[in-house]
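**Student:** Next up is a structure, given as structure tokens.
The values are calculated or read from the model by the stated rules, or taken from the named source; none is laboratory data. Not measured: the values here are computed from a predicted model. Because the Cβ atoms are built from the backbone with ideal geometry, glycine has one as well, and the counts that use them run over all protein chains shown. The accessibility values were calculated without ligands, DNA or RNA, using every heavy atom of the protein model including side chains. Shrake-Rupley method; radii C 1.70, N 1.55, O 1.52, S 1.80 Å.
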Amino acid sequence: MSDWLSQIPDHARAYLDGRRLDEVECIVADLSGIARGKAMPAAKFAKQARFYLPNSIFQQTITGDWAEDGDTAFLEPDMILTPDFETACAAPWTADWTMQVIHDMHDQAGDPVHTAPRNVLKRVVDLYHARGWEPVVAPEMEFYLVARNTDPSKPVEPPMGRSGRRAAGRQAYSMSAVDEYGPVIDDIYDYAEAMGLEIDGILQEGGSGQVEMNMRHGDPVKLADEIFYFKRLIREAALRHDCYATFMAKPIQDEPGSAMHMHHSVVDRATGRNLFDGGDGTETDEFMHFIGGMQTHLPSVIALLAPYVNSYRRYVRDFAAPINLEWGRDNRTTGLRVPVSEPEAKRIENRIAGMDCNPYLGIAASLACGYLGLVNKIDPAPQFTGDAYNSADGIPSHLSEALDLFEEATEIHEVLHPDFARVYAAVKRMEYGAFLQVISPWEREHLLLNV
């Protein structure tokens with residue numbers, strides 16, 4: 001692999017121009033979207049064609065425990081990791097010259113590791129390709145910049161801005177509000193440029209210190225890779241300025257939650273035509289079937305779109321987050337929204353996913369629902385034309401209920417892969433059990449001396 005530098009993208013070569021590469025980080029995303037892997041001297045990386053990690057990293061919970069899935073988990077056979085050089089990019093926050101490379105994961109027989117989130121998404125995309133379809137996504141990332149919080153027992157606070165005041169809420173789209181933490185935003189732009197990542201726009205969202213970042217539409221796997229990278233670079237940019245970036249769904253009480261909205265369209269691979277556009281501005285049967293699939297199957301994958309107990313605090317009536325799966329045109333109260341667009345850009349926006357979801361799994365789950373709608377020709381409910389917050393709740397209200405629905409969803413399992421579904425449910429059940437062992441300040445305040 002001595003010539004590997006010739007295989008990396010132009011932006012990565014430009015970053016290294018005239019410099020000696022010191023280190024390479026070989027990384028993969030675990031179930032939580034955490035970067036795991038190995039760092040090694042560049043000279044050693046150049047001498048190896050593959051690397052190894054135990055497959056048990058996909059059975060590790062967010063608390064660091066290990067879930068049993070009833071299979072051969074604790075034999076911990078090694079996976080074979082091979083670098084995907086198209087993902088090579090700088091790690092511009094490091095003290096030396098470092099590159100990051102996302103790796104593909106196979107077992108020792110050469111088959112894809114079914115529990116690896118990136119492979120789950122690739123599997124779903126391949127199902128679209130097999131039918132001559134190209135799924136297209138455009139994600140929106142919401143996150144909070146918050147003051148350093150080294151004591152988990154204390155509430156999270158907004159960061160201090162350049163004015164000497166804490167960031168203000170209810171200031172959506174305010175240029176002054178986003179300028180309060182301009183140095184962090186500047187570093188986000190600089191890091192993204194060094195890494196070859198494109199930002200479509202950054203704006204102030206409705207929460208105190210809440211930012212939204214939009215990305216251009218494109219290939220689902222490539223966009224998931226970019227979100228995976230963006231989460232890391234945004235955290236690093238915040239730390240440089242004495243604050244944290246958090247992608248937690250609901251980090252601050254009485255503030256809006258953070259979503260990962262996903263815009264979906266599907267293109268005919270042979271002609272390049274958007275299957276959702278009838279050619280004269282009308283919406284096609286495929287468009288309606290995609291929505292029907294989402295309405296039918298999204299409840300079964302909420303456990304992937306809202307993967308933690310905190311995720312369900314975001315689904316609050318009248319708090320800029322959906323509470324059901326109604327669909328409507330240019331209606332932000334619905335869980336599924338049809339944005340205003342030119343006919344060739346006809347798409348559906350899934351507003352259900354939280355920013356705390358693994359981007360590979362969130363996009364895979366959403367695409368899986370639309371795929372089943374297309375294949376099975378599922379008709380949607382009638383369009384919702386009013387305030388959807390006044391209608392009944394239509395999604396699980398807590399993680400345990402969501403897991404019940406996911407574990408019963410055999411049709412979804414076949415799309416994502418049954419092995420993945422089994423392991424994912426085991427990990428999430430263990431995380432939920434760990435949460436139930438924690439006694440909250442609310443319980444101590446209101447129950448200790450009153451019941």
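Yes or no, residue by residue, for (1) touching a residue at least 24 places away in the same chain (Cβ under 8 Å); (2) open to solvent by 30 Å² or more (accessible area, probe 1.4 Å); (3) farther than 30 Å from LYS428 by Cα:
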| site | (1), (2), (3) |
| --- | --- |
| ASP96 | yes, yes, yes |
| ASP111 | no, yes, no |
| VAL124 | yes, no, no |
| PRO135 | yes, no, no |
| LYS154 | no, yes, no |
| ARG162 | no, yes, yes |
| VAL178 | yes, no, yes |
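Conditions (1) in contact with a helix residue (DSSP H, G or I) (Cβ under 7 Å, 6 or more places away or on another chain); (2) of a type in the set (Val, Ile, Thr); (3) assigned to a loop (DSSP other than H, G, I, E, B), marked per residue:
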| position | (1), (2), (3) |
| --- | --- |
| SER397 | yes, no, yes |
| ASP404 | no, no, no |
| ILE412 | yes, yes, no |
| ARG422 | no, no, no |
| MET430 | no, no, no |
| GLY433 | no, no, no |
| ASN450 | no, no, yes |
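**Student:** Which of the numbered conditions does SER397 fail, given that it passes all the others? Conditions: (1) within 26 Å of VAL427 (Cβ to Cβ); (2) modelled with pLDDT of 95 or more; (3) of a type outside the set (A, V, I, L, M).
**Tutor:** It fails just one condition, (2).
**Student:** A further question follows. Given the residues TYR389, TYR371, which is the only one that is open to solvent by 10 Å² or more (accessible area, probe 1.4 Å), part of a helix (DSSP H, G or I) and either under 15 Å from ASN324 (Cα atoms) or polar (S, T, N, Q) (or both)?
**Tutor:** TYR389
**Student:** Could you tell me how many of the residues in segment 197-222 are open to solvent by 10 Å² or more (accessible area, probe 1.4 Å) and not in a loop (DSSP other than H, G, I, E, B)?
**Tutor:** So the count comes out to 8.
**Student:** I've got another one for you. Can you pull out the residues in segment 74-94 that are without any contact (Cβ under 8 Å) to a residue 60 or more places away in the chain and either part of a helix (DSSP H, G or I) or more than 28 Å from GLU23 (Cβ to Cβ) (or both)?
**Tutor:** Across segment 74-94, the qualifying residues are PHE74, LEU75.
**Student:** Which residues, taken from segment 339-358, are crowded, with 20+ Cβ neighbours inside 10 Å, in contact with an Asp or Glu (Cβ under 7 Å, 6 or more places away or on another chain) and of a type in the set (A, V, I, L, M)?
**Tutor:** Scanning segment 339-358 gives a single hit, MET355.
The rows are residues; the columns are (1) of a type in the set (A, V, I, L, M); (2) part of a loop (DSSP other than H, G, I, E, B); (3) at pLDDT below 95; (4) over 20 Å from the mean Cα position of the chain (by Cα).
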| site | (1), (2), (3), (4) |
| --- | --- |
| VAL125 | yes, no, no, no |
| PRO135 | no, no, no, no |
| MET141 | yes, no, no, no |
| THR150 | no, yes, yes, yes |
| VAL156 | yes, yes, yes, yes |
| ARG162 | no, yes, yes, yes |
| ARG170 | no, yes, yes, yes |
| SER176 | no, no, yes, yes |
| ALA194 | yes, no, no, yes |
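**Student:** Restricting to segment 374-386, count the residues that are hydrophobic (A, V, I, L, M, F, W, C) and part of a loop (DSSP other than H, G, I, E, B).
**Tutor:** Counting residues in segment 374-386 that are hydrophobic (A, V, I, L, M, F, W, C) and part of a loop (DSSP other than H, G, I, E, B) gives 3.
**Student:** Can you tell me which of VAL146, VAL101, VAL120 is surrounded by 21 or more Cβ atoms within 10 Å (Cβ to Cβ), under 17 Å from the mean Cα position of the chain (by Cα) and not in a loop (DSSP other than H, G, I, E, B)?
**Tutor:** VAL120
**Student:** Within segment 313-358, which residues are out of contact with any strand residue (DSSP E or B) (no Cβ under 7 Å at 6 or more places or on another chain), closer than 19 Å to VAL266 by Cβ and touching a residue at least 40 places away in the same chain (Cβ under 8 Å)?
**Tutor:** The answer is ALA345, ILE352.
**Student:** Also: Condition (residue is open to solvent by 10 Å² or more (accessible area, probe 1.4 Å), of a type in the set (A, V, I, L, M, F, W, C), in a strand (DSSP E or B) and at pLDDT 95 or above) applied to segment 287-307: is it met by at least one residue?
**Tutor:** The answer is no; no qualifying residue exists.
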